[in-house]
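Let me begin by presenting the structure, written as structure tokens, before commenting on it.
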Amino acid sequence: MGVLINDASFLNDIMLVIVLLLLSVFACIFRLNTPLFGKMISNINAGEQRQSIFETTEKDSFLFSAFMTFQTLLLISIFIFSATFKSQHNPYPETTFLSLGFLFVLCFLFFLFKKGLYAIFGSIFLESSKIKMMFTNYQALFCTWGVVLYLPVLWVLLFDSYIFLSFIFLIISFLAFKVFLSLRFFYIFYNKNTGFLFFSLYLCAQEIAPLVFFYKGMVYTVNIIETNYTWQ
């Protein structure tokens, strides 16, 4: 009889293949660029004088940082899409790849929005060297978090039961990412006269408000996907 293209199990297998291909590419890049990966980890705690792989113009460094960013955004999109429909026991819609692409674009715009906010606040409170250090720490933490995302994404794709465990792991990893990022920012601003003011603005404008807008955007996106599936 064959398998319909909009069959939930078939589309789940496609998602799994995409993640495994992404993991294979990451493994190859890691094998060929082990020093760059080690430098990325060290950039989490980078100081003003340390050179970041995310600021170099070398081809290998640029491709490595671009892939690591792409990997994080794609894994977030796949997790949101798969976990939403599995937790609601709904089959995937026929517009799976369109919906996944829309989620990826939304995550990418949110990523750029956050970097734009960092640039605005940094230009007000910091000198250029401190701004570079802030972006270096943020980019390194974001890309490192992307590697951790393989665990909850593979869990939600491989197991139909205990999906809440993947949510718990994702939330814990996200909170750890935010805690490390906040500590780095506090270290950057703690010795400034305006440090307390900036840190207050950072917590309100950078962490609380954007997450509220992102959550509302995710709810709106899921509603659109579900409405489109119901109509079809």
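Here, each number is a calculation from the coordinates, and none is a lab measurement. As the structure is a computational prediction, the values presented were derived from the model and not from experiment. A quick note on method: Cβ atoms are made from the backbone with ideal geometry, for glycine too, and the neighbour counts reach across all protein chains shown.
Summary table
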{"read-out": "Computed label-point distance, nm, for sites Val25 and Leu117 using a 7 Å Cα→Cβ extension", "value": "2.9"}
{"read-out": "Extension gain from Phe159 to Ile18, taking 0.36 nm per residue of separation minus the Cα-Cα distance", "value": "49.1 nm"}
{"read-out": "Among the listed pairs Lys39/Lys115; Lys86/Lys114; Lys39/Lys132, those beyond 18 Å (Cα-Cα)", "value": "Lys39/Lys115; Lys86/Lys114"}
